[in-house]
Structure formats: C-alpha cells, structure tokens
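Student: Structure below; questions to follow.
The values are calculated or read from the model by the stated rules, or taken from the named source; none is laboratory data. As the structure is a prediction and not an experimental result, all values here were calculated from the model. Don't worry about glycine lacking a Cβ; one is built from the backbone with ideal geometry, like all the others, and counts go over all protein chains shown. SASA here: full protein model, heavy atoms, side chains in, ligands and nucleic acids out. Shrake-Rupley method; radii C 1.70, N 1.55, O 1.52, S 1.80 Å.
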2 protein chains.
Amino acid sequence: MGTNTTRLDRLLAEQLEECCAGDTGERIETLESLSDSADAGGDLQVLSALSDDTRYRLASLLAAADGELCVCELTAVVDVSDSATSHALGDLHDAGLVTRRKDGQWRYYDATERTERVLDALDETRGER
Amino acid sequence: MGTNTTRLDRLLAEQLEECCAGDTGERIETLESLSDSADAGGDLQVLSALSDDTRYRLASLLAAADGELCVCELTAVVDVSDSATSHALGDLHDAGLVTRRKDGQWRYYDATERTERVLDALDETRGER
DNA sequence: CCCATATCTGAACGAATGCACAGCTGTTCA
DNA sequence: TGAACAGCTGTGCATTCGTTCAGATATGGG
C-alpha cells in the first residue's frame, strides 16, 4: 500500500476547519479495508477475459443467443483463425464465463449467468453519464 | 466476418436429420445480427479500463466509498506513483466510469452509475458456475 | 512575484498479450 | 485401419499497454 501521506495529512487538516474528518491513519485504514474486500473472486480475470474484442464478441454472442452454440458457428462470425477462436473460448472458460459440452465431434459453448449479468449491466447503463 | 462455412454447413446438414434448422447463410446472418448489435456503446472501453489491477482498485474503491474521494486519498491506497494514479484515473474518466470535480488545488473523483452496476453484477455472481 | 504543492501530460522502456502457423488429439465413417 | 475433419495446444512474433521519469500546468500563500 502507499505510505506517503503528506498530501492526505494536509487535505484532512484543511477539511478539519471546514467540517468534520478524523486523522490520517484512521482514514487510510478505512479506505484500505474497502480496497481489500475487493476482488474476493476473480473479478479481474473476468474483466480481462471480456476486455478483448474477439472474446467480447464470442461472449456476447453466446449471451444473446438463447442456448448453446457450436464452435463452428462461432468461428463463422468472428473473423480470426480457428486457433484464435479456440484460445479465446478457452480463456472465457477459464474465467468461468462459458460452459463447455462435448457432443461427438462437435463442441458446444454457452454463456454462464455471470456473463449475462455483466453484459446486462453494461446494456442497461448505456448512454448514461 | 468469417467466410469459411464448410464446417457450419456440415453441422446444419447433420442437425437437419435430427430436428429442425435452416440453411447456412440464414444461420450466419442471424448470428451476425446478434453480434453487430453488441458494443453499441463503448463496452470494450469500459471492460478494458476495469481489467487492469490499478484501475480496478481505484474504481472499486470509489464505488465502495459513498461519495467522492480526493486524488491524494486514492494515491495513498494504490501502491503506484502519483503519475500512474493520474493516468489510471484519466483512463477511467475517458471510459465514463468516474466523474471529476475540481475544488481549488484538490481534485475529487467519484464512481458513476455504470461502474457500480458492473461491479455489482460481479459481486452478485461471485462463486457461481 | 515567487515558491511550494497537487495534479496532469508526453516520452520511453520493459512486460504482457493476441494472433497465425504448425502440429497434435479425438471422433466419424468407409 | 486409415483418411477426413473438429477442435485444442505450443511457439514465435508483432503489437499493445502499464509504469516510471521528467517536465508542464494550475492553485494558494507569503
């Protein structure tokens, strides 16, 4: 964590004259406790997985389609090689964003609840602030 | 978009014998229309902004704290240089994830609705599938 | 006006990452 | 059993990206 608190000291000292506020150590402790509670589950892995164009397209395609899709259907839509598609789907699977089902020579993927919820959140706040 | 549809042709041909399904062109068109409707607003920019550890910490800190925080408070918690913090906050601002307010020599940031919704979605689906 | 301070900006360098290519596994069908 | 095919994996390369460093801008006080 950061240790240089001179600026924060001054800010708190200034705010003391305006309203309330406590001492620096206490303030930082409060903020750090908020910060530590973050990313209890692999949020960063999820966000990283979705932050690439290819993987984002695949994920939102799987979320938009109701029901699972075959790899060959997905490859037909994203314009990268089979290999890249497979890598991308593997990453999404590792992040818990898609499920994988094998059926003979075909393999089907589907979006998980987590994917849908995150994409919905983005959908619903489109155009705000 | 991808144009090699031989595999998809075969999949659809096989499914024809099992259940319903239409022709390849129609199928791809359906999927592409789903794909195109994605990312109408800068979803990728938002996801990219949140997919970095420093920016994620800043964003979730701002979302967790009720009300705005000063840059010096944020710098005290994330353990990177002032400059890196500033760069990170700038990126978050560009992505529409935080608001910026200037007050004298201090500058205050706050999380937007969009940030809170996305992080909530991740929170609420923690540990699923 | 000058200096200290808070924050931002541009450049540069090292690390991380997405992609294509080649080769591999496993399934289907003759 | 062997050919054809769906999909996965390892590797090298080109690009992107996060950070620090140095310097710029802007605010406040003496």
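Student: With N set to the residue count of the range A:43-124, report its C-alpha Rg divided by 2.2 N^0.38 Å to two decimal places.
Tutor: Details: Rg = 11.7 Å, N = 82, 2.2 N^0.38 = 11.7 Å.
Working it through for the range A:43-124, the quotient is 1.00.
Student: Please go through the range A:47-128 and write out the chymotrypsin sites (Phe, Trp or Tyr not before Pro) that DSSP classes as loop and that have at most 11 other C-beta atoms within 10 Å. Walk me through the numbers on the way to the answer.
Tutor: Numbers: sites: A:Y56, A:W106, A:Y108, A:Y109; in loops: none.
Here no chymotrypsin sites (Phe, Trp or Tyr not before Pro) fit, given the DSSP loop and packing criteria.
Student: Something else now. Normalised by the number of residues in the range A:43-124, what is the relative contact order in percent for Cα pairs under 8 Å and 6+ residues apart?
Tutor: Working: 90 pairs, mean separation 27.5, N = 82.
34 percent.
Student: When the Karplus curve 6.51 cos²θ - 1.76 cosθ + 1.60 is applied with θ = phi - 60°, which whole-Hz ³J(HN,Hα) does each residue of the range B:65-81 get, with x for Gly and Pro?
Tutor: 6, 8, x, 6, 10, 7, 4, 5, 6, 5, 4, 5, 9, 7, 9, 10, 5
Student: Could you check the simple spin-label distance between B:E32 and A:D103, using points 7 Å along Cα→Cβ, in nm with one decimal?
Tutor: 2.5 nm
Student: Where does the charge balance sit around B:E68 when Lys and Arg score +1, Asp and Glu -1, over other residues with C-beta under 13 Å from its C-beta?
Tutor: On the way: positive: B:R100, B:R101, B:K102, B:R107; negative: B:D66, B:E73, B:D103, B:D110.
My count for the surroundings of B:E68 gives 0.
Student: Using a 1.4 Å probe and counting only protein heavy atoms, how much accessible surface gets buried when B and A come together, both sides summed, in Å² to the nearest 100? Don't skip to the answer; put the middle values down first.
Tutor: Working: alone 9130 and 9110 Å², together 12640 Å².
Looking at B and A, the buried total is near 5600 Å².
Student: Same structure, new question: Accessible area per residue, 1.4 Å probe, Å², for the range A:25-129: what's the number? Before the final figure, lay out each step's value.
Tutor: Details: 4650 Å² over 105 residues.
Value returned for the range A:25-129: 44 Å² of accessible area per residue.
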